[in-house]
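The values are calculated or read from the model by the stated rules, or taken from the named source; none is laboratory data. Owing to the predicted nature of the structure, the values given are computational and were not obtained by experimental measurement. Here the Cβ positions follow ideal geometry from the backbone for every residue, glycine too, while neighbour counts run over all protein chains shown.
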Amino acid sequence: MNPFDFVKNVNKGKSGENLFQNETADNNEGQNDVESFSKNYTPFIINRALSYFPDSALFANEMNRYAHLAPKMQYDFLRNTLRPRNRYSKWQKKAEANDDVKLIQMKYNCSREKAEMFYPIFPESELKKLRETKKCLNL
């Protein structure tokens with residue numbers, strides 16, 4: 001199971017099956033282990049997926065505030081309080097860094113965040129030198 005299976009199940013509400021409930025399995029062990037579900041339940045991912053919607057954002061925030069609770073308790077809270085609804089959204093992704101930021105990263109061996117922080121204060125003459133160096137190296 002992945003976290004998005006839990007999100008789909010929470011969105012179904014009480015009408016969906018309870019994933020943390022012990023059910024008999026077809027294998028020799030007899031029952032699914034609640035601990036294995038707890039390991040697959042990632043509160044951050046689930047709360048983030050629910051935070052994109054106005055009707056579930058406050059509930060997801062509450063679960064972020066009470067992150068110390070057991071995964072089963074968090075799952076039960078969300079499952080029993082949210083109204084059943086289809087909640088699908090695209091995940092926001094970080095935009096591609098421009099070429100100058102990449103050059104600063106390579107030259108000074110720093111992270112993208114630091115390079116983006118330095119980029120506005122970087123002199124244009126230095127940027128030209130970096131661009132020429134890139135052309136010479138055929139990068």
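Given the structure, is Lys114 modelled with pLDDT under 90 and more than 30 Å from Val10 (Cβ to Cβ)? Working first, answer last.
On the way: modelled with pLDDT under 90: no; more than 30 Å from Val10 (Cβ to Cβ): yes.
So Lys114 does not fit the description; no.
Go through the stretch 83-112 residue by residue and tally those that are surrounded by fewer than 14 Cβ atoms within 10 Å (Cβ to Cβ) and either part of a helix (DSSP H, G or I) or of a type in the set (S, T, N, Q) (or both).
9
Which residues, taken from the stretch 73-92, are under 26 Å from Ser36 (Cβ atoms) and at pLDDT below 90?
Arg87, Trp91 - these are the residues of the stretch 73-92 that are under 26 Å from Ser36 (Cβ atoms) and at pLDDT below 90.
Among the residues of the stretch 65-77, write down those that are over 18 Å from Lys14 (Cβ atoms) and surrounded by 14 or more Cβ atoms within 10 Å (Cβ to Cβ).
Start the filter on the stretch 65-77 by keeping residues that are over 18 Å from Lys14 (Cβ atoms), which leaves 65-71.
The answer is Leu69, Pro71.
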